[in-house]
1. How would you classify region A:29-77 from its alpha-carbon gyration tensor, with a ≥ b ≥ c the square roots of the eigenvalues: rounded for a/c under 1.5, else prolate if a/b is greater than b/c, otherwise oblate?
2. Copy-to-copy spacing for residue B:237, label 7 Å out on the Cα-to-C-beta vector, in nm, shortest first?
3. Out of residues 5 or more away from residue B:206 or on other chains, whose amide H comes under 5 Å of its own, with H placed 1.01 Å from N in the peptide plane?
4. What accessible area per residue comes out for region A:234-325, rounded to a whole number of Å², with a 1.4 Å probe?
5. Under the rule of at least 5 residues apart or a separate chain, name every residue whose amide H is placed under 5 Å from the amide H of residue A:344.
6. What are the ³J(HN,Hα) couplings of region B:321-326, residue after residue, when phi is run through the Karplus curve with 6.51, -1.76, 1.60 and θ = phi - 60°? Round to Hz, x for glycine and proline.
7. To one decimal in nm, how far is residue A:356 from the same spot in the other copies, if labels go 7 Å from Cα toward Cβ? Please give the shortest first.
8. Which semi-axes, in whole Å and largest first, does the equivalent ellipsoid of region A:187-244 have when worked out from the alpha carbon gyration tensor as the square roots of 5 times its eigenvalues?
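The values are calculated or read from the model by the stated rules, or taken from the named source; none is laboratory data. Worth saying up front: this structure is predicted, and the values here are computed from it rather than measured. Note that we place each Cβ from the backbone using ideal geometry, even for glycine, and neighbour counts take in every protein chain shown. Please note that ligands, DNA and RNA were not included when accessible areas were found on the heavy atoms of the full protein model with its side chains. Shrake-Rupley method; radii C 1.70, N 1.55, O 1.52, S 1.80 Å.
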There are 2 protein chains.
Amino acid sequence: MSTTRPPETSSGPPWTGPLSPPRRRRVSMADVARLAGVSSQTVSRVSTGHPGVVPATREQVLTAMRQLGYRPNGAARALKYGEFRTIGVVLFTLATTGNSRTLEAIATYAADAGYVITLIPVTTPTQDRVDGAFTRLGELAVDAVIVIMEVHLLDTATVVLPPDVHVVIVDSDAGERHCVVDTDQAHGARQAVHHLLDLGHRTVWHVAGPPESFAAERRALAWRGVLREAGRPVPPLRRGDWSADAGYRAGLELAEEPDCTAVFVANDQMALGVLRAFYQRGRVVPRDVSVVGFDDIAEAGSFIPPLTTVHQDFAEVGRRCVEAALRQVRTGSTETGTTLVPTRLVLRDSTAPPPRR
Amino acid sequence: MSTTRPPETSSGPPWTGPLSPPRRRRVSMADVARLAGVSSQTVSRVSTGHPGVVPATREQVLTAMRQLGYRPNGAARALKYGEFRTIGVVLFTLATTGNSRTLEAIATYAADAGYVITLIPVTTPTQDRVDGAFTRLGELAVDAVIVIMEVHLLDTATVVLPPDVHVVIVDSDAGERHCVVDTDQAHGARQAVHHLLDLGHRTVWHVAGPPESFAAERRALAWRGVLREAGRPVPPLRRGDWSADAGYRAGLELAEEPDCTAVFVANDQMALGVLRAFYQRGRVVPRDVSVVGFDDIAEAGSFIPPLTTVHQDFAEVGRRCVEAALRQVRTGSTETGTTLVPTRLVLRDSTAPPPRR
DNA sequence: GGCACCGATGTTTACGTAAACATTTCCGGT
DNA sequence: ACCGGAAATGTTTACGTAAACATCGGTGCC
C-alpha cells in the first residue's frame, strides 16, 4: 500500500506523539490478564469458552474483560486459525430484485453458519473492473467467493482467480469448471409458455432480456423450444434490458401485432412496461392479450392487472450457494456442476383464454 | 460438568472446529523469499510497492510470486496495521429499494476508498437479534459501522456498541448521540404536499408507513405540518407497512371518500397499490384523484399512470455515510449530528388539478 | 587513500491469539 | 506421610507481515 503521507501536514505522524489523538491501542488479552492477575492463556480459555477454568477464575477474568471493554481481535484470530469465516460476494448491481434478494439470503444463511459476507461490487462491467475486483479479491480475507454476475464477463477473468479460493457462481453456464447454483430458468420459462398454450393461445410472443444475460438466454431458448415442440409458429423476438421502459417500448410494438394474444416477458419489470403499453393502446389485459412475467417481485400482485408470473425462490438459491461454498471450504475440495432451484408458476389475473375471433 | 467430558469431544464454540482437512498452508512471503533467494523483507517491500528495491531484484521477486501464486494474507496485514479497512453494515432487510440502493452506494464508495463492506443482517427485528448482531459486531474485524435500520430497535442496543467502533446511522433521530445521515424526509414530504395544494386541491390525504419507521413518522409529520400551516383540514391518516398490498387496502378505503382528490403516499410501493385500488373502483388518476409517491423507484415511471413522486438520492446518502465513517476512522473521533440529503420532486402523470365540482 | 554517506538488502521484533507443552496444586488412596 | 494423577494454570511458540534497526558495498569528496 502506498502510504502517501504528506510530510508537512503536521509535526510528525499523529501516532508517534504521546499527546496525539489517542490512537489508543485496543485492549488485548494481555491487558485483561494483567488486570485479572492471571496469564493471557487463561484469558484465552475464557474467551473461547474452553473448559478447565475454575469458576472463580473465570468470573475474575470476565469482570476484567467487562471493565476494560475487551473484545477479541478478529485479525489475530484469523491469522491463527488460517481462515477468516468470511464469504466474498462479487456482484455487478443490487438494483435488480433478484440480486438483492439473493444477497440477502446469502447473508442470512452465512450468518447462521457463523460466517459473514464481504461485498465486492463491480460497478461497471468492463473487463478491467472485473479483473480488478478479482485481483483485489486475491488479497481479501475471504474463504470462499460467490459470484452473482453474467458469466460472460467472468470468463476471461476466471484465470485470475486464486486457486485456493472456492467459488460458487449464480446465473451462469460455467458448470463445467465451477460450482453453479441457479434458478431453473428453462423450467420456469416452459411453465409460463405451457400455461399460455394450455389456455388456448395459438402461439406466444416473447420479450427477452439482454443477450449478455445467461438467464435471459435460457428463458428465450426454453420459450422457443416449447413452441417448436408444440409445432407452433415462433414469432420474432423482442429484446429489452430488464427495465420497465424497455418493456414499454416492446409492448408498444406488440400492441400493433393483431395476432399477438399472449406474451411471455422475461422479467416482471419489463412486464410492467408491457402492461402499460397495452393499457395505453387500449388492448385490455387479459381480455385481449395475456401476459406472463418472471421473478414474482413483491409488487407483481399489485400490477394492473395483477401479474401471472414465474416465482423464483431467491432464498433457496442463496441457501444453496452458502451450502456449496461452505462445503468446499470445509473439505478443501473444488466442486463443479450445476444445482437448479425449481420455479413455481403463480397464477393471477393477467392471463385468460384468447379472445374469440 | 466439564469433568464428565472426554477431552476429544471438546466442544468449544463452533468456530474452534476441528481443523480436519490437511489445510494446505498458504504461500507466504517466506516461501517467495526462499525461491527468489532474498529475504522476506525484500518480498514485503516489493509487495507493498516500497521504493528501494533494485529492478533486477524486484523482477526476481515478482517472478517467484507468480510462480508460487503468492497473495498477501489480509489477516496478518490487518493485525500488523491495527485496522481492517472494512466497514460493517448492519441492516434489517434488503427487500426495500431504499436499503439495497443505499447499500450498493455504500459498497461502491467504500471500494473507491480501499475499504470493503461486511454485511451483518438482522433477520428479525427483535431486541434479541439486534443485540446479538451488535455483540457479534464487537468481535468482527471492522473499523466502523453503518446502521441502516429503524432506530427504535437500536436504542436499547446502542449501549452494547463497543466504544472504539465508529458509527453512522441511516433513518434515525439519534443525531444527538450518533452521526446520522438521511434523506431530508420532511422536505420531500413538504414538496409533495405543496405540489398538490398548488394544483388547487383543498386538502391532501396521506397513507403513511408503519409507526416504528422514523422515515414514515417524519413524512407524516411534515404532511400534517404543511396542511396546518395552510389552514387546511387534516384528514384521518391511513397506515401501511410499505407494501403494495397495504397501499391497495388503504386505497380501497380512500376510494370511498368522496372528498378525497389528492393523496400523498409515503412510498412508491404503496402508491402502486393505491393506484390499483382507484383503478378498480373507477376513480381515474389523475382526473378524479391525484397521487404522489415517495422514493422514485425505477418502476415508478411505468406505473399506470406514471407516478409523480419524491426522488431520494440514495447514492448520495451512501456516499455521505462512507465519508462520515471514514472521517471518524481517520481522526479517531466520534461525530454526532445529522446530515440531510435533499430530495427532488419528479413530476409525471399521476397529478392534476382537482375535478370541477 | 581514507572517510563519510547513501542506497540496497538482511535481521530482529511486535502485532494478538491460541495450540502445545510445562508447571503447579490438590486430591484420594494406600 | 507419600505417591500417582488429573485438574488448573503458566510459558513458549508460531501464524504472516512490515516497521525499525543493522549491515554491507560502493561512490564522491577532500
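1. Oblate, because a/c is 1.5 or more while a/b does not exceed b/c.
2. When each copy's label point is compared with this one, the spacings are 5.1 nm.
3. B:238, B:264
4. Ligands and nucleic acids excluded, the result is 31 Å² per residue.
5. Distant-sequence amide H within range of residue A:344: A:311.
6. Whole-Hz 3J(HN,Hα) from phi for region B:321-326: 4, 4, 4, 5, 4, 5.
7. 4.1
8. Those come to 20, 11, 10 Å.
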